Every structure is written in structure tokens, then in C-alpha cells.
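S.K.: Please find one structure pasted underneath; my questions will follow.
Read the figures in this text as sums done on the coordinates, not as results from a lab. The structure presented is a predicted model; accordingly, all values stated were derived computationally and were not measured. Cβ placement follows ideal geometry from the backbone for every residue including glycine, while neighbour counts extend to all protein chains displayed.
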């Protein structure tokens, strides 16, 4: 059984020859560039991190590492439209720990007077900032934060443009190459959220207040987003749908202590729009729908399944209500868990390799029976994780992942 067949079996809730493994299939299942450089050095693999996601400072997981850890998934879209316009050219940069990496030539942060790295837009506004001594760029610019009327929303949103033919042509070529010349399952990163997009456009505080105090305004923005998402995903499916098995639709809904909004608000505002968007994808492609949502979202999971969700990531078992045994018992026959295999919040950066091995063995015993599980740590491997622990985690996933699960 090859990797693509193995993943598809798991997605169909079947037990394959072994548990599929992901590392870097999308922007929340990977590894930070600092940790990746340390891993390359530990493994004796030459090279340096290519920072695919400059905000999170994530590395592209490349072929030697995928082979070493028996990874079954390849990312389609770890390049942005800006990179495509720059013909994917790279330039050297220095990470926060002093190690070297490669970044796209369109990534040009500047140091401000406080020693922070900042990224400016064409108007000189700060779009994102990595504080001195920090590891990530925090987004600070919300283009619709000052809009206060529906007419204003219509005017600005009317300037949005669909995915360009240039980007779609690039994605088509990459998807075709992966499909025809590798055996990986292909995870396409599309996006298309509602709560998270509203927060990004309006600012977290503004959009949550919109939902509570100006629901007509909030719903109008989400309807505009829905229209845009459907238009773009239609073009995306036309370009890559025959090659891609899984589509990431994005959209954080949780916090450490529970959902960001009540189940009633979720069902009223978010679920109907997810259902329309996800139904379009299901009706026009064979792709499985993959939602990344951190946090304690247990009270929302039934609604997500009703809306058409196939796969949940990162399965943050350290958050409120996200007990792995209960999740598998209640939802394991209707939902694929992509993640939950190792707790990055409390275990991966702090435990010994032996403890991590035992922890992974336990998680596989919970999630893997009857299929419906892709092994991945909970969210990205952070800078505090020593390479020995990364090796212990992924080697344990391969060692204990043979079916039938012992």
C-alpha cells in the first residue's frame, strides 16, 4: 500500500497496513524553522530551512526528512501568491537563534527603533511585527477595522480580486507533478473561514462586538466572504481538483478554555455558511474537507459534522473538553482526527524521548483503531523542542502504527 492509498483508507475509516503520518502537510502540521535546522543537523542532513510561512516562521518539510520519517502527505500550497510572482526565488535570512535560512525574495522586514522586525504595507503601515527576542510575526493590520457601514463594506470588498490565473497555473503544475510523480496524498491549502476571516479583516475585538451588537453588519461581511470563497474555490477545484485528495478550509473557533463563541451563536452565524461552502466543495469535487481549529471546541463538533466536515485538526487534547477517549468514542466513526498524536503544549518540548515514546503509543491506541486517524502532533513543532524529541515522536508513530494496533 502506498502513501496515497494509506491516507485514503484512513479517511474512509478503514485500517490500512499502517497508520498514515503527516509532517508539514499544511501550515499547522509542520515545524518551525529553528527546530527544523536543529533536526537537520541532528540527522546529518545538509541544508537549511526554507521558511515557507514567514509569519509563523515555518520550514518547508523536504524530501529527505519526509523519507526518514515515513511521511505520507505532501503540501500543495506552501507558497503564496507573492512568491509565485517572484518566480519562487529565495534569499538568505537569519533566524531568531542566529541560524541561517532561506526566505522568499518578497519577504523584506525592517528593524525599527526598538529592535523589532516589522513588515510594512505600501502605505507604510505596520502589517506585522516580530518583537525583539520573539520568534514569530504577529499580524497587526486589519484592513476593514475602520469601516462602520454596510455600504463601506460593499465598496471595499468590491475591490477584492479572485485568485489569479498565474497562481492557479502554478498550483495546477505543482499538483500534477505531485500526483503523477509521487505517491503522497496531497493536501491543498485553500482557506475560506468566516469567524477567523472576519477577525482578520476587522480585528478580533471589532468583529466579536459586531457579532454581539451589530449582527446585520457581521452577517453581511460573512455573506460577502461566502460569495468570495465559493468563487475562488470553484476556480481552485477546476485547477487542481483532479489531483488533490484533501482541502484545508481553515478557521479557528476555539480557545484554551472553550469555544470563542457560544454553540448557539456558532449554529446561527457560522454553521450555515460553512454548510453552504463545504457543500459546494463536496458537490464539485471528491476532496475531503479538512478544518484546522485550535482550542476546546468539543461543544461545536456535532455542528461541524452536520455542516459537512470530514477531518478535524489539530485535535488539541490539552484544551477544555477535548479528552481523546471521549472524542474517539463519540465522533470517531463520523470524523477523521488529523492530529492529537502528541501534546506539543505540555509533553513534546518537556518530556524525555522515552516518555514521548510512551505518550505516542498511548495516543495511537486511542485514536488509530478502526481507522479515521492521521498521525500528527498537535499543531506545529515549536522552537523549544529538541531534535531528539522530534525523532522519538515520529519513530514511535511508525513503530506502533502497524495494524492491527497492539
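S.K.: How high is the FRET efficiency between residue 41 and residue 399 when r is their beta carbon distance and R₀ equals 30 Å, given to the nearest 0.05?
M.R.: Numbers: r = 24 Å, r/R0 = 0.78.
Taking R0 as 30 Å, the efficiency between residue 41 and residue 399 is 0.80.
S.K.: Still on this structure, I have one more. Points 7 angstrom from Cα along the Cβ direction at residue 181 and residue 326: gap in nanometres?
M.R.: 4.8
S.K.: Right, another one. For region 242-292, how big is Rg over Rh, using alpha carbon atoms and the Kirkwood form of Rh?
M.R.: Ratio value, two decimals: 1.05.
S.K.: Additional query: What are the extents of the Cα atoms of region 325-387 along their three principal axes, listed from largest to smallest and rounded to whole Å?
M.R.: Computed over region 325-387, the largest-to-smallest principal extents equal 35, 20, 16 Å.
S.K.: Distance in nm between label sites at residue 154 and residue 262, each 7 Å beyond Cα in the beta-carbon direction?
M.R.: 3.2
S.K.: Next question. Report the calculated FRET efficiency for residue 302 and residue 350 (r = Cβ-Cβ distance, R0 = 30 Å), to the nearest 0.05. Before the final figure, lay out the partial values.
M.R.: Values: r = 33 Å, r/R0 = 1.10.
Approximately 0.35, to the nearest 0.05.
S.K.: Stokes-Einstein diffusion coefficient for the chain at 4 °C in a medium of 1.567 mPa s, Rh from the Kirkwood formula over Cα pairs: what value in µm²/s?
M.R.: Details: Rh = 21.8 Å.
Here the translational diffusion coefficient equals 59 µm²/s.
S.K.: Can you give the relative contact order of region 1-82 as a percent, counting alpha carbon pairs under 8 Å and 6+ residues apart?
M.R.: Numbers: 98 pairs, mean separation 28.0, N = 82.
Once divided by the residue count of region 1-82, the mean separation gives 34 percent.
S.K.: Also: Compute for region 186-311: radius of gyration divided by Kirkwood radius, i.e. Rg/Rh, restricted to C-alpha atoms, rounded to two decimals. Could you put the intermediate results ahead of the total?
M.R.: Values: Rg = 14.1 Å, Rh = 14.7 Å.
My calculation of the ratio gives 0.96.
S.K.: Once you have the Cα-Cα distance between residue 228 and residue 216, take 0.36 nm times their residue separation minus that, and quote the gain in nm to one decimal.
M.R.: Full-extension gain reported as 2.5 nm.
S.K.: For residue 161 and residue 279, what is the calculated FRET efficiency with R₀ set at 41 Å and r taken between the beta-carbons, to the nearest 0.05? The partial results should precede the final answer.
M.R.: Working: r = 25 Å, r/R0 = 0.60.
The formula returns an efficiency of 0.95 here.
S.K.: Work out, step by step, the length gained on full extension between residue 17 and residue 106: first 0.36 nm times the residue separation, then minus their alpha carbon distance; give nm to one decimal.
M.R.: Working: separation 89, 0.36 × 89 = 32.04 nm, distance 4.29 nm.
Full extension of this stretch gives 27.8 nm more.
S.K.: May I pose another question? If you average the sequence gap of Cα pairs under 8 Å that are 6 or more apart and divide by the length of the chain, what percent do you get for the contact order? Write out the running numbers ahead of the final one.
M.R.: On the way: 782 pairs, mean separation 82.1, N = 406.
Over the chain, the number comes to 20 percent.
S.K.: Quick one: grab Rg to one decimal and Dmax as a whole number for region 112-207, Cα atoms only, in Å.
M.R.: In order Rg, Dmax, the Cα atoms of region 112-207 give 18.2, 51 Å.
S.K.: Given the options 311, 237, 163, state which has the largest fluctuation in a GNM of the chain using a 10 Å cut-off (strictly under) for Cα springs.
M.R.: 163
S.K.: If each DSSP helix of 4+ residues adds -39,500 (n - 2.57) and the sum is divided by the residues in the chain, what number results at 222 nm, nearest 500 deg cm²/dmol?
M.R.: On the way: 14 runs with 161 residues, N = 406.
Here the helix-only value at 222 nm equals -12000 deg cm²/dmol.
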